[in-house]
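What follows draws every value from the coordinates through simple rules; no lab data is involved. On a predicted model such as this, the values are computed, not experimentally measured, just so you know. Please note: Cβ atoms are built from the backbone with ideal geometry, for glycine as well, and neighbour counts cover all protein chains shown.
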Amino acid sequence: HDVLMCIRNAIFPWKKKSLTIEGLNYSEGANFPSNLIHEASFGLWDEFCYDNAKANIAKNVKEKLVDLIGCSINLGPVAVPVRRPIIERFFRTLEQNGFHRLPSTTGSNPKDPKRKNSEENAIKYRITAEQLEELTDVLIAEYNATSHEGNNNLSPLEVFEQRVARGMTILQLPEEKRNEIAFFSLKATRRVNGSEKEGRRPFIYYEGVRYTNEVLNRSPHLINKKLDLLINTDDLRVIKAFFADGSELGNLSATGKWGITP
């Protein structure tokens, strides 16, 4: 889910976060291509390079990259980071300019002096995941606007703008696919439970939670039949159900507390 969220965020136009850390700000030029350059809004790529982490090679992630994005996947050799020099160098920049400056950093290795009192500082300062996201967002936006010798002293954003001005074309995600369910959907099949004799109305189980709707409630003839489900993993309050022939049964709602919040 986290990998799919990363892919989704890379495509949708970037927006500045509402920063809660005192003293942390975006500079005037800090930005992302998807927000600064119209052609890069909902822009797609031809190839996706990542390592062999289990989350990356999950079937659902691969299917979304191929079917939704339409790109090829380059997993790269195991345990050979030198084959990804640009991204590894970028990670080092994030560490040097941000993460290794945090009081709770564990540094680069067990002998790194930066990790002194890291456990105590983690408890003392209570740095949250949301604060780390804010810091990361600012670091990358600032990096995009910083000139580099490797870019002839241009910033990545300036290089991007030049290439677009010279005619570089960027394929964009079609409008009908610009929704959360396109990225965070799973398909599953479940049998309809219930008992007309015992007075138990029809329902299905998904991840240990009951789902039903008014139509299913009034359809005892569907008990023991199978339904195809389209599940939005970003919001499990509602699951869309279909019959075997593709016709739609409608949205099934989760019972209890699972039907209240995403």
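Of note:
- Bridging of Lys62 to aspartates and glutamates at a Cα separation below 16 Å is possible for Asp2, Asp46, Glu47, Asp51, once same-chain residues fewer than 8 apart are set aside.
- Debye-sum result for region 1-94 in log10 I(q)/I(0), which assumes one identical scatterer on each alpha carbon, at q = 0.20 Å⁻¹: -1.18
- For region 187-230, the fraction of C-alpha pairs farther apart than 18 angstrom is 18 percent.
- Across region 67-133, Cα-Cα pairs farther apart than 19 Å form 53% of the total.
- Taken over the chain, the alpha-carbon convex hull comes to 199 cubic angstrom per residue.
- Normalised contact order of the chain, rounded percent, pairs of Cα under 8 Å and 6 or more residues apart: 16
- Acute angle (nearest 10 degrees) that the helix 156-165 long axis makes with the longest principal axis of the chain, alpha-carbon atoms: 70
- Percentage of interatomic Cα-Cα distances in region 123-262 larger than 24 Å: 57
- Pairs spanning more than 28 Å between alpha-carbon atoms, out of Lys17/Lys240; Lys187/Lys257; Lys16/Lys177; Lys16/Lys64: Lys17/Lys240.
- Length added when fully stretched, Leu24-Thr233, from 0.36 nm per residue minus Cα-Cα: 72.0 nm
- Only Cα pairs under 8 Å and 6+ residues apart enter the sum, and on that basis the relative contact order of region 1-115 stands at 17 percent.
- Sites Val80 and Asn117, calculated FRET efficiency, Cβ-Cβ separation with R0 35 Å, nearest 0.05: 0.50
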